[in-house]
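Q: If you scroll down you'll find the structure; I have some questions about it.
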Amino acid sequence: MTDDTTPNVPDDSVSLSSGAAMPLLGFGTWQIKGSEATDATATALAAGYRHLDTATVYRNEGEVGRGLAQSGVAREDVFVTTKCPPDRGGQALDTLKESLELLGTDHVDLWLIHWPGDGDDVDLWKAFVRAREEGLATDIGVSNFDASQLDRVTEATGAAPAVNQIEWSPLLYDAEVVEAHRSRGVVLEGYSALRGGTLEHPVITDIAERLGRTPAQVIVRWHLQHGIVVIPKSRNADRIRSNADVDGFSLSGDDLVALDGLGPRADR
Ligand SMILES: NC(=O)c1ccc[n+]([C@@H]2O[C@H](COP(=O)([O-])OP(=O)(O)OC[C@H]3O[C@@H](n4cnc5c(N)ncnc54)[C@H](OP(=O)(O)O)[C@@H]3O)[C@@H](O)[C@H]2O)c1
């Protein structure tokens, strides 16, 4: 992949509770700050990503917003997620309004509780439901929740999280976790797919070599074929483009079985 080649970016999406389409491929922005975050965001959008993932605690929402503005891509063509730390108490809506100001938008497409709090998160989730009702967030969801935590907020409010963003990769594949989300109608969104030794795993590097692809492309493609949202992060322009250049190949059924088999429960 060179600078002047246009990546073949997939446009697969999943439908959320509101009916909105969430692109399965997004751009992760954790640990990218300052002008680098602006440049990386603009590079990702120029490459064809149409989904950005940030968070209050990343302290880069302003730069991500600037990258979006500078990209020239229309706001309504980009799916924007941000996240609220669970310790905001009664200030959750103020936190969202600060995020919107920084991002330069009047709503986010998805607002997530970043991780479970010390309590039961129900009061915070009620604030999330209010934000959705007020149109500040089109869809609302959570991150790093387990099934019982999903059920607790759903039962308390009648509103199920549209999405749960959790750590996910072939090395973490668990069909029971997939089914726990599917049966609740909660979209599974994965993060940190390129960490934890995935890029060097011999099963993954062998498939990549055989297909003439990078290990990162194999991992991104694996998510897409499972209908799982994937948000690779890179601060490097070539890797940003290459990670999205996954529409021109597919993994065989045998490849999927081999990759799924890397998960912790594969031999049970
Ligand atoms: N909800 C949560 O609690 C949570 C937690 C963690 C992450 N996230 C979200 O998920 C996104 C992705 O997770 P992540 O940031 O942990 O990282 P990741 O996407 O798994 O990437 C990990 C590292 O891999 C490197 N990399 C990227 N593409 C590569 C390639 N083609 N070849 C070799 N190395 C490559 C990147 O370094 P370079 O930048 O140097 O390329 C990056 O630092 C985050 O950015 C964030 O938006 C959410």
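The values are calculated or read from the model by the stated rules, or taken from the named source; none is laboratory data. On a predicted model such as this, the values are computed, not experimentally measured, just so you know. Virtual Cβ from ideal backbone geometry, glycine too; neighbours counted across all protein chains shown. SASA here: full protein model, heavy atoms, side chains in, ligands and nucleic acids out. Shrake-Rupley method; radii C 1.70, N 1.55, O 1.52, S 1.80 Å.
Q: Looking only at residues that are closer than 14 Å to Arg88 by Cα and of a type in the set (A, V, I, L, M, F, W, C) in region 112-130, which one is surrounded by the fewest Cβ atoms within 10 Å (Cβ to Cβ)?
A: For region 112-130, the residue satisfying everything is Val122.
Q: Mind listing just one residue for me: the one in region 238-268 that is outside any helix (DSSP H, G or I) and among the aliphatic types (A, V, I, L, M) and, of those, nearest to Val80 (Cα to Cα)? Steps first, answer last, please.
A: First pass over region 238-268, keeping only residues outside any helix (DSSP H, G or I): 245-252, 261-268.
Then drop every residue that is not among the aliphatic types (A, V, I, L, M), which leaves 246, 251, 262, 266.
Working: Val246: 21, Leu251: 28, Leu262: 31, Ala266: 34 Å.
So the residue we want is Val246.
Q: Is there a residue being open to solvent by 10 Å² or more (accessible area, probe 1.4 Å) and closer than 18 Å to Val229 by Cβ anywhere in region 30-45?
A: Yes, region 30-45 has at least one match.
Q: Related question: Can you work out which of the residues in region 225-237 that are under 12 Å from the mean Cα position of the chain (by Cα) and outside any loop (DSSP other than H, G, I, E, B) is nearest to Thr41 (Cα to Cα)?
A: Lys233
Q: State the number of residues belonging to region 27-60 that are over 17 Å from Pro232 (Cα atoms) and within 12 Å of the ligand (Cβ to nearest atom). Don't jump to the end; show me each part of the working.
A: Step one: list which residues in region 27-60 are over 17 Å from Pro232 (Cα atoms), which gives 34-35, 56-57, 59.
Still in the list and also within 12 Å of the ligand (Cβ to nearest atom): 56-57.
Here the count works out to 2.
Q: Now for a different question. What tally of residues in region 188-205 results from selecting those that are within 15 Å of the ligand (Cβ to nearest atom) and open to solvent by 20 Å² or more (accessible area, probe 1.4 Å)? Don't jump to the end; show me each part of the working.
A: Step one: filter region 188-205 for residues within 15 Å of the ligand (Cβ to nearest atom), giving 188-201, 204-205.
Filter once more, keeping what is open to solvent by 20 Å² or more (accessible area, probe 1.4 Å): 191-192, 194-197, 199-201, 205.
Qualifying residue count for the region: 10.
Q: Look through region 209-220, keep the residues that are open to solvent by 30 Å² or more (accessible area, probe 1.4 Å) and assigned to a helix (DSSP H, G or I), and return whichever of them is farthest from the ligand (Cβ to nearest atom).
A: Here is the first cut: in region 209-220, the residues open to solvent by 30 Å² or more (accessible area, probe 1.4 Å) are 209-215.
Subsequent filtering for residues that are assigned to a helix (DSSP H, G or I) retains 209-211, 215.
Details: Glu209: 14, Arg210: 18, Leu211: 15, Pro215: 7 Å.
In this case the residue turns out to be Arg210.
Condition check ((1) of a type in the set (Gly, Ala, Ser); (2) out of contact with any Asp or Glu (no Cβ under 9 Å at 6 or more places or on another chain); (3) in a loop (DSSP other than H, G, I, E, B)) across all residues:
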| site | (1), (2), (3) |
| --- | --- |
| Glu98 | no, no, no |
| Leu110 | no, no, no |
| Trp115 | no, yes, yes |
| Asp118 | no, no, yes |
| Trp125 | no, yes, no |
| Phe128 | no, yes, no |
| Arg132 | no, no, no |
